[in-house]
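Heads up: the structure comes next, in structure tokens.
Here, each number is a calculation from the coordinates, and none is a lab measurement. Since the model is a prediction, treat every value here as computed from it, not as a measurement. So basically every Cβ, Gly included, is an ideal-geometry build from the backbone, and we count neighbours across all protein chains shown.
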């Protein structure tokens with residue numbers, strides 16, 4: 001099976017590699033409907049996103065049990081006026097977090113998977129006045145550190161393009177320690193995190209909570225658990241009234257790969273935006289992931305959103321962002337602080353814990369890519385900015401995009417580094433639109 005879209009990078013064979021013996025996708029159970037349902041931490045949205053789409057926000061229970069035990073959060077680094085002492089304290093804590101993660105991966109940490117109730121938060125963008133045909137549903141999954149709304153700049157371009165007529169609904173996902181979900185789950189988050197739980201949460205949502213039909217009708221804030229017969233049907237046959245296109249960036253792309261390997265019938269196609277999938281042995285697995293100390297040391301509080309925006313604009317990290325994407329981050333990634341001013345919804349500590357879980361799941365995703373069902377078309381969107389051409393450099397990216405060569409294609413966005421949705425949302429929307437037009441337009445008059 002061959003993808004009909006052209007590729008920037010020609011076929012590159014996979015070199016010899018060593019297996020990491022990927023972790024089985026452990027089963028999960030649903031919770032009863034009789035749950036104490038928390039309110040949304042931000043004002044509920046049920047408003048026009050543009051002339052044709054309505055946006056609303058919803059909560060769904062995360063899977064239980066978790067893969068990780070419930071352990072106390074590490075005590076964050078102490079603030080010090082002495083820069084050297086501050087850096088040493090941050091490095092000490094980064095090593096502690098990384099070593100704890102290694103102990104968990106190798107089965108030395110002990111403890112049963114946490115049963116504490118966690119929630120995922122999702123935004124739904126529904127087309128108004130739907131005609132009842134079986135159109136496309138998009139699922140968007142984010143990178144570490146970004147709220148679900150990080151996709152909205154890309155979405156504004158996409159949902160005003162010709163391909164919008166193919167799209168009935170878009171669901172933007174939020175992992176348990178990100179954005180509004182982080183505020184809902186604040187009291188129940190563990191001091192350790194496993195990336196595979198995000199993949200399990202996504203599968204749990206798709207199997208047990210995504211409504212049967214796309215509709216412009218209002219949905220409850222807390223989505224209802226589907227009847228068991230519908231969920232069982234989805235496990236073997238997929239969706240009866242949807243075609244799902246999943247778009248995942250970085251950590252979110254990693255989660256989609258792991259979910260699709262285990263529940264392939266749920267996915268029609270996947271657009272992988274520089275996902276975290278790295279060949280084992282490319283870098284030492286026991287080193288402190290370089291993002292962990294940076295997350296622990298990042299600033300979390302400002303006197304106002306205006307001050308935060310000025311701070312971000314002066315930062316090299318945010319300097320290349322599209323202005324609308326940066327404004328969204330300030331609007332939706334921050335919340336009111338009980339001490340006064342505003343703060344990050346996702347703390348630097350939880351960002352560090354999430355980065356610490358990268359190594360093993362990035363190796364597993366790379367290895368498992370070749371097992372993604374060939375029926376699922378893969379479109380890779382990767383960075384091409386000088387000095388930032390994908391994880392571990394351009395050659396590793398060239399190999400990665402052909403790990404599953406059948407029904408795959410790739411495109412390089414030269415204006416962006418790894419943060420493609422934040423730096424080049426218009427170009428990304430154009431690539432998504434072109435993919436949807438090519439793959440689904442000819443089928444738009446019939447069931448997709």
Which length gain, in nm to one decimal place, applies between residue 85 and residue 219 when the Cα-Cα distance is subtracted from 0.36 nm times their residue separation?
43.1 nm
Tensor-based shape of segment 68-208 (alpha-carbon gyration tensor, a/c under 1.5 rounded, otherwise prolate or oblate):
prolate
Take the chain, connect every pair of alpha-carbon atoms lying under 10 Å apart with a spring to form a Gaussian network, then pick out the residue of 264, 77, 421 with the largest mean-square fluctuation.
77
Can you tell me the relative contact order of segment 119-268? Whole percent, Cα pairs under 8 Å, sequence separation 6 or more.
33
Expressed as a whole-number percentage, the relative contact order of segment 31-114 with C-alpha contacts under 8 angstrom and at least six residues apart is 29
In whole Å, what is the distance between the alpha-carbon centres of segment 323-337 and segment 47-86?
15
Using a ≥ b ≥ c from the Cα gyration tensor of segment 326-434 (square roots of the eigenvalues), is it rounded, prolate or oblate, where a/c under 1.5 gives rounded and otherwise the larger of a/b and b/c decides, a/b for prolate?
prolate
Between 140, 35, 189, find the one with the highest GNM mean-square fluctuation for the chain; connect C-alpha pairs within less than 10 Å.
35
Arranged by the count of other C-beta atoms within 10 angstrom, fewest first, what order do 346, 81 take?
81, 346
Looking at the square roots a ≥ b ≥ c of the eigenvalues of the Cα gyration tensor of the chain, which shape do they give, rounded for a/c under 1.5, prolate if a/b is larger than b/c, or oblate?
rounded
If you average the C-alpha positions of segment 163-179 and of segment 300-320 separately, how far apart do those two centres end up, in angstrom?
26
Quick one: go through segment 77-121 and flag any residue whose amide nitrogen is under 17 Å from the point 7 Å out along the Cα-to-Cβ line of residue 34.
none
Most exposed first by the Cβ proxy, i.e. fewest other Cβ within 10 Å, how do 89, 213 rank?
213, 89
Between the modelled labels at residue 17 and residue 324 (7 Å from Cα along Cα→Cβ) the distance in nm is 3.6
Given points 7 Å out from each Cα along the Cα-Cβ axis, report the residue 228 to residue 8 separation in nanometres with one decimal.
4.9
Within segment 207-223, whose backbone N sits under 14 Å from a point 7 Å along Cα→Cβ of residue 46?
216-223
With both bridge residues required to lie in the chain, what share of the DSSP beta bridges run antiparallel, to the nearest 5%?
45
Name the residue, out of 418, 46, 208, whose mean-square fluctuation peaks in a Gaussian network model built on the chain with Cα pairs under 10 Å.
46
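What's the FRET efficiency of residue 414 with residue 375 using the Cβ-Cβ distance as r and R₀ = 35 Å, to the nearest 0.05? Walk me through the numbers on the way to the answer.
Details: r = 31 Å, r/R0 = 0.88.
Calculated value: 0.70.
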Where does each of 425-438, 98-111, 240-253 land if you order them by average Cβ count within 10 Å, highest first?
240-253, 425-438, 98-111
